[in-house]
Amino acid sequence: MEPQDRVRVQLTVNGSEVSRLVEARRTLADFLRDDLGLRGTHTGCEQGVCGACTVLVDGVAMRSCLTFAAQLDGAAVQTVEGLAGDGDLTPLQEAFRRRHALQCGYCTPGFLMTATEFLRENPSPSEQEIRTALSGQICRCTGYENIVQAVREAAGTLQADQRRQA
Amino acid sequence: MPLIGVPHKRVEDPRLITGRGRYTDDVRLPGMLHAAILRSPRAHARIEAIDVAAARSAAGVVAVYTGRDIAGKVGPIPTAWLPPDSDIKATAHPALATDTVRYAGDGVALVVAESAAAARDALDLIRVSYEPLPAVVEQADAMREGAPLVHADAPGNIAFHWKAGQVSDAVFSGAEVVVRHTFRQQRLIPNPMEPRAAVAQYDRATGDLTLWATSQNPHIHRVLLSGVLGIPEHRLRVVSVDVGGGFGAKIACYPDEALTAFAAMSLGRPVKWTETRTEHFLATTHGRDMVIDVELAGRREGTLEAIRVRNIANMGAYLSTAAPGVPTILFGLIVTGAYTFEHAAVDVYGIFTNTTPTDAYRGAGRPEATYLVERMVDLFAREIGMDPIEVRRKNLVRPEAFPYPSALGLSYDSGNYQRALEQALATVDYLGLRREQAALRGHGRYIGIGCSSYVEISGLGPSEVAGAVGFQGGLWESANIRVHPSGKVTVFTGGSPHGQGEETTFAQIVADRFGIPIADVEVVHGDTARIAMGWGTYGSRTTAVGGSAIAVAADRVIDKGRKIAAHMLEAAEDDVEFAQGTYQVRGAPERSETFQAVTLQAYLAWNLPEGLEPSLEAAAYYNPSNFTFPFGTHVAVVEVDPETGDVKLLRYVAVDDCGTVINPMIAEGQVHGGIVQGIGQALWEGAIYSAEGQLLTGSLLDYPMPKARFFPTFETAFTETPAPHNPLGAKGIGETGTIAATPAIINAVVDALQPFGVGDLAMPLWPERVLQAIEAGRDGR
């Protein structure tokens, strides 16, 4: 297929219907950032290792740098911009701020999306489960400690622990 | 309410957790073109011919440039740190190679196209004929007689030779105990998660060039690029607002940003360039890569007397912007660590090789120095049969000795090294752990305890010293505080934070002094058009130096306000006190004016004291009188599986002293991140070149980065010994974790493997290396 070949895709992004003609080779990351102006999704390695570009596709965390936009006809995509929308921060976002779970912020959207999916699957995880779940994401700033604590807090496990200790 | 020492939530976060940050690659301009750079696949070769015809005619391609096309338009990238008396060969780096490529990743051609994809496609259409030349990768090989020369004018591939201190041979020949060892500081890849990027926009009408760039120091990039591009400095604006981590890699001035700017100027359209992660591995500076020989002399009862160090530092193919300062001043002056060595000497060779240039990487010289001294203390302790903690207790600089003149001429500002050590040992229950260790060994389990009591040079630094050590800039910092008529405040800082949270800590400093809410203070950084001058963020200097500038400027604002308030209150200036946002006549609380009322009067100027100018704004240019010397003790507890060589981290305790802590939440975050980077070097990270100069670890798949699941919960604490010479008492916390963690881990693993006769291990501690060391130790018994 020639790179200029274009494909029509219709999908939902953060709840809005989107219809676009895209280059067949256009990645979902580039599609979100350049075609839709959703620049909260960041690319860090273009090969699926760092996880900065993670978004939810039909509720499942996916690397948008390894996914073609053309694959997503009919899909529902959620990005970091779709977490709070124009409204209140999600409990996870709140916990990230309260727990100082970000420094430069570049990897943060990927962590938020991964943890959002994870907490939906496992609402009361152990610390080790959180660490394992986050080990597909790379953060160079925080040492992960506060990210883990933020996810714990969002899960409510931290409060439950505190209640037990009290 | 005091705001110093308060864990205030970060003001940066709301935009960053909602995807509304403004990173360089987020910049989109109408008509913007995209650049891609063809890089040499060879480590050393002569360029015979470059054929760009096919690329020029490819769909979407607007322009293709080779080194010859840019001759006279884009100058070579200079080195900005020239240690004196070092016979330095500061070979400037051509923005594109014309005759010779000197490392795999060296730029050869620039393509500009309508899309990033078209630009990258066109790279494949450029045909370059190379005549291969022999390459040299390791510094030891580069120094050998007859080794291939990276630069014809640097015989022996010696880029510079620098010395400090002296120790007579008699000290060593007469010493009771001498320990000698060689340490290898492996090469590391900085890997901030945001790749480097640049967007350039040129206004042909005015001659103004705006460059958005991933920079830790936009003003330094402005002055250097103004020279490289031949643009008057006042026509160049560098903007770096949200930067996704730097760790030293975004200090240097690189060809790529200059080429992007050049393309925008020649084509009259905005141009963007963003590196791929592979380009980051090949074309962004690396860190460390030193081979360090150490001799330590001491007494059998445990006193450390002298240390002699020879460092052979691999500088790569060119001397990057700040690179020569790293193995010399930033390393050499601190090899005595936190101990009272009477004698010390350092001998440093910077060596050219056919590899990517090295430069600052988090800690920059100080982790390497701390590593050698902390490892040597443990080796010495083992030699004399003493607990390594006892050796530390015996030799740490004592609290009453400050300011302490080190053997290498530094003046350590303040400290209580013993307190940090004892607190860390108490937290970890050192004696209990030793008992546990002994008991577990009986069951075939091997835990180890490793300690690292560091001191670092940070808060860079007095400008006079910068000059004396060859840094081609000042190291003061600027602050401008503008109080608006309504009492809201904008702070302009020359620091350029990129994750360290100074939009918050600096707002805390100002709000604390003015007695106003943090929300009333905005901190502006990273824009040469809005900030008069700045030296940027590196060397843990931003809070200590930039924050001090802000404190001084804030006090100037308060003093001017006091004059106005005294006039309004019809009181003598000396009788007016300022506290919690209110000017008040001493002893007469009913006679007061708020900060906001005084500010408004400053702008209305209806009733100002005779001769006082309107407005309320103050600048400060703070030049520190000394470096700052953060210190602390970290203790690591590990378990090693002697069957697999696997190292498991059980506990990690850090007690750090960075002087006055402005925001403990942020400071703790810096420690966490630093620890993980330091452990990354100890256990996993390492760049590997083939003998031909191919980077074998050229992607995140091949280069292991630390991941969340490898760590326990860190136990961190601070002691506070204020810096006596700056108005905040702050010392800097950005690098302590990285400096302390690496030797703590290695000391712990070596301690765990003592029963196997293991005396040292080469980093990183990949399991096969640990197993080999165990085997070698067993054979040696």
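Counting pairs of alpha carbon atoms under 8 Å apart in space and at least six apart in sequence, what relative contact order in percent does the range A:91-165 give?
Details: 72 pairs, mean separation 35.2, N = 75.
That works out to 47 percent.
For the range B:668-718 and the range B:240-303, what is the separation of their C-alpha centers, rounded to whole Å?
16 Å
With r defined as the distance between the Cβ atoms of B:Asp99 and B:Glu590 and R0 fixed at 60 Å, what FRET efficiency is calculated, to the nearest 0.05? Before the final figure, lay out each step's value.
On the way: r = 81 Å, r/R0 = 1.35.
According to the calculation, E is roughly 0.15.
Could you tell me the accessible area of B:Met315 in Å² (1.4 Å probe, neighbours in place), rounded to the nearest ten?
Probe radius 1.4 Å; accessible area of B:Met315 about 0 Å².
Once R0 is set to 51 Å, what does the formula 1/(1 + (r/R0)^6) return for the Cβ-Cβ distance between B:Glu383 and A:Glu129, expressed as a FRET efficiency to the nearest 0.05?
Numbers: r = 45 Å, r/R0 = 0.88.
FRET efficiency, B:Glu383 to A:Glu129: 0.70.
Which of the DSSP-defined H helices in chain A satisfy a minimum axial length of 27 Å, computed from C-alpha atoms, and a minimum mean Kyte-Doolittle hydropathy of 1.6? Mind showing how you got there, number by number?
Numbers: long enough: none.
Membrane-span-like by this criterion, though nothing is claimed about a membrane: none.
If you average the sequence gap of Cα pairs under 8 Å that are 6 or more apart and divide by the length of chain A, what percent do you get for the contact order? Show your work: numbers first, answer last.
On the way: 292 pairs, mean separation 37.0, N = 166.
About 22 percent, as a whole number.
On full extension of the chain, what length is gained from B:Asp429 through B:Ala54, given 0.36 nm per residue of separation minus the C-alpha to C-alpha distance? Walk me through the intermediate numbers first.
Values: separation 375, 0.36 × 375 = 135.00 nm, distance 6.92 nm.
Difference between extended and current length: 128.1 nm.
State the extension gain, in nm to one decimal, for the chain segment bounded by B:Ser411 and B:Val6, taking 0.36 nm per residue of separation less the distance between their alpha-carbons. Mind showing how you got there, number by number?
Working: separation 405, 0.36 × 405 = 145.80 nm, distance 3.04 nm.
Extra length available between B:Ser411 and B:Val6 comes to 142.8 nm.
If you take every DSSP beta bridge whose two residues both sit in the range B:614-738, what share of them, in percent to the nearest 5, is antiparallel? Write out the running numbers ahead of the final one.
On the way: 12 of 16 bridges.
The antiparallel proportion sits near 75 percent.
How much solvent-accessible surface does B:Glu593 expose, in Å² to the nearest 10, with a 1.4 Å probe and all protein chains in place?
Answer for B:Glu593: close to 50 Å² accessible.
Any chance you could check the Cα centroid distance between the range B:508-562 and the range B:462-477 for me, in angstrom?
Result: 21 Å between the Cα centres.
Ordering B:Arg187, B:Arg310 from largest to smallest accessible area (1.4 angstrom probe), what's the sequence? It would help to have the intermediate numbers written out before the result.
Working: B:Arg187 5, B:Arg310 100 Å².
From most exposed to least exposed: B:Arg310, B:Arg187.
What is the calculated FRET efficiency for B:Ala619 to B:Ala401, with r their C-beta to C-beta distance and R₀ = 45 Å, to the nearest 0.05? Provide the component values of the computation, followed by the final result.
On the way: r = 37 Å, r/R0 = 0.83.
Plugging the Cβ-Cβ distance into 1/(1 + (r/R0)^6) gives 0.75.
Among the lysines, select those whose C-alpha is under 16 Å from the C-alpha of B:Lys707, and discard any that sit fewer than 8 residues away in the same chain.
Once the sequence-local lysines are set aside, what remains near B:Lys707 is B:Lys648.
How far apart, in nm, are the 7 Å Cα→Cβ label points at B:Ala140 and B:Lys648?
3.5 nm
Using protein chains only and a probe of 1.4 angstrom, how many square angstrom of B:Lys9 are accessible, to the nearest 10?
Around 80 Å² of this residue is reachable by solvent.
Any idea how far apart B:Lys73 and B:Gln418 come out in nm if each label point goes 7 Å out from Cα toward Cβ?
6.7 nm
A:Val7's amide H: which non-local residues (gap 5+, or another chain) put their own amide H closer than 5 Å, with H modeled 1.01 Å from N in plane and none for Pro or chain starts?
So A:Val7 has HN proximity to A:Val22, A:Glu23, A:Ala24.
Using alpha carbons only, how many angstrom separate the centre of the range A:91-166 from the centre of the range B:91-119?
What the calculation gives is 41 Å, centre to centre.
With a point put 7 Å past each Cα toward its Cβ, work out how far B:Lys394 is from B:Asp555 in nm, to one decimal.
Using points 7 Å along Cα→Cβ, the separation is 4.4 nm.
Where in the range B:2-21 does the amide nitrogen come within less than 12 Å of the point 7 Å from the Cα of B:Glu720, taken along Cα to Cβ?
B:2-7
Under the 0.36 nm per residue contour assumption, what length would be gained going from the current alpha-carbon distance of B:Asn607 and B:Thr490 to full extension? Intermediate values should be presented prior to the final figure.
On the way: separation 117, 0.36 × 117 = 42.12 nm, distance 2.44 nm.
Fully extending the segment from B:Asn607 to B:Thr490 adds 39.7 nm.
I want to verify the translational diffusion coefficient of the range A:91-165 in µm²/s; compute it with Stokes-Einstein, Rh as the Kirkwood radius over Cα pairs, at 25 °C and 0.890 mPa s.
In µm²/s, the coefficient rounds to 203.
The values are calculated or read from the model by the stated rules, or taken from the named source; none is laboratory data. What you are looking at is a predicted structure, and each value in this text was computed from that prediction instead of being measured. Note that each Cβ is placed from the backbone with ideal geometry, even for glycine, and that neighbours are counted across all protein chains shown. Surface areas here come from the heavy atoms of the whole protein model, side chains and all, with no ligands, DNA or RNA. Shrake-Rupley method; radii C 1.70, N 1.55, O 1.52, S 1.80 Å.
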